[in-house]
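Only one structure is covered here, and it is reproduced in the block below.
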Amino acid sequence: MEEDPFAKLDDPSDFHRYPDSSFFDRDRHICFLEMMYQLLPSPYQEQEINRLTLAYFVVSGLHILRAIDRIDKEVVIHWVLSLQAHPKNAANLENGQFYGFHGSRSSQYQSNDNGPSEQEAILNGSHLASTYCALAILKIVGYDLSLLDSEFLLKSMKNLQQSDGCFMPIHTGAEKDLRFVFCAAAICSMLKNWSGIDREKAKEYILSCQSYDGGFGLIPGSESHGGATYCAVASLQLMGFIKEGLPTANSSCDDVNVPLLLDWSLQRQALDGGFQGRINKPADTCYAFWVGGVLRILGADKFMNEKALREFLLTCQSECGGFSKFPRLLPDLYHSYYGFCAFSLLEESGVNPLCVELGMSGIAAIGL
């Protein structure tokens, strides 16, 4: 068995014995992602069903860091395409199922009575979030998405949109909220085909999620949250409901209360320079992207204290590469990826610019 690269670290604080945290250590971050590409540490075993999402963080992270050449693109393409669900025939498109991408091999196959060595396909368990990650990876590694038979994917995706405009992530039933509206909008945007979503209904649902304080909750009536606010604003941008540039003080953006939204977003920058996801919560690396991305889409990122944000993020940078959620914790893929995205927003040297509304490098988003 291959050795766990984290096994030799007896003290978690060893991850943060950083001799010089005054600069963004791009080379060390690339090494961190290469390690994750080759061998995921054992703590990720419980997330095996989300392997495609973890792969998205690695592949997209390497592209943002201008190091996509470190992976075998053809191998990645073959693996991602193998996770796509396919209807047996055209009649299956009327059975209410979603034919997108599975999150991992374990959600695609199960062991039968003959033991784990014999596997059989299980009922279609493809998921909207996995499909978003799959298409993003394929775009990043240069695969032509027009080669996909996207008609059945988009047609079946319409089955997931609810009467109120929201989306479920999987046809067998699950929670529904703004995360999956964003996934649906991003999928249609990447495929350049909006037949899979009723945009007006989706817009109505998004607007119903704006709270009294200006932020957005995941569902109507819930507390404003940085991630939900990003999903709302990015979805509206992708669907063409947000115009470029900073709105004036008295304007609204297709019924969004923009001045209140800007006020809520700017107030999320904490005293330590980082961004918090909710009021009275500590700053967290990932919200530098979730909230900072909202401000970038609205043209208001110039009002951030970029120097203070950069200083906060560097306190979360690990000696082993990657970023942690809070200072002096272990790095993880999720916070590392959004740490890289945050430094892209800060226009760090040697880092590709972002297509903020798709959550990936702008170069990949436009297919160059």
| note | Dipole check, the chain, charges on Cβ (K,R +1; D,E -1), about Cα centroid: among CYS209, SER104, LEU52 the Cα furthest to the positive pole belongs to CYS209
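Among the listed pairs LYS192/LYS281; LYS73/LYS176; LYS88/LYS192; LYS302/LYS325; LYS73/LYS192, which are separated by more than 31 Å between their Cα atoms?
Numbers: LYS192/LYS281 38 Å; LYS73/LYS176 33 Å; LYS88/LYS192 25 Å; LYS302/LYS325 24 Å; LYS73/LYS192 23 Å.
Beyond 31 Å: LYS192/LYS281; LYS73/LYS176.
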| query | Placing +1 at every Lys and Arg Cβ and -1 at every Asp and Glu Cβ, with all other atoms neutral, what dipole size does the stretch 278-368 have around its Cα centre, in debye to the nearest 20? | reply | 260
| task | Quick one: which residues, 5 or more positions from PHE216 or on another chain, have an amide H under 5 Å from its amide H? H modelled 1.01 Å from N in the peptide plane, none for Pro or chain starts. | result | SER211, HIS225, THR229
| Candidate values [x] 0.97; [y] 0.94; [z] 1.03, label of the one derived for Rg/Rh (Cα atoms, Kirkwood Rh) | [x]
| message | Using each residue's phi in the stretch 124-130, evaluate 6.51 cos²θ - 1.76 cosθ + 1.60 at θ = phi - 60° and report the 3J(HN,Hα) Karplus result to the nearest Hz, with x for Gly and Pro. | response | 4, x, 5, 9, 4, 5, 5
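Using +1 on the beta carbon of Lys and Arg, -1 on that of Asp and Glu, and nothing else charged, what's the dipole of the chain about the Cα centre, debye to 20? Write down the numbers at each step before the final one.
Details: 29 positive and 44 negative charges, 158 e Å.
About 760 debye.
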| task | Output ³J(HN,Hα) for the stretch 320-329: one whole-Hz value per residue in order, computed from phi by the Karplus curve 6.51 cos²θ - 1.76 cosθ + 1.60 with θ = phi - 60°, and x for Gly and Pro. | result | 8, x, x, 10, 9, 5, 10, x, 6, 10
| So between CYS355 and TYR44, what do we pick up on full extension, going 0.36 nm a residue minus the alpha carbon distance? | 109.2 nm
| task | At a temperature of 10 °C and a viscosity of 1.306 mPa s, determine how fast the stretch 226-368 diffuses translationally according to Stokes-Einstein, using the Kirkwood radius over alpha-carbon pairs as Rh; express D in µm²/s, rounded to the nearest whole number. | result | 104
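With contacts defined as alpha carbon pairs under 8 Å and 6 or more residues apart, what's the relative contact order of the stretch 232-350 in percent?
Values: 170 pairs, mean separation 24.8, N = 119.
Reported as a whole number, the value is 21 percent.
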| field | Quotient of Cα Rg and 2.2 N^0.38 Å for the stretch 308-368, N being how many residues it contains | value | 1.16
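Values quoted throughout were computed directly from the atomic coordinates according to the rules given, and no laboratory measurement underlies them. Worth saying up front: this structure is predicted, and the values here are computed from it rather than measured. Cβ atoms come from the backbone with ideal geometry, glycine included; neighbour counts cover every protein chain shown.
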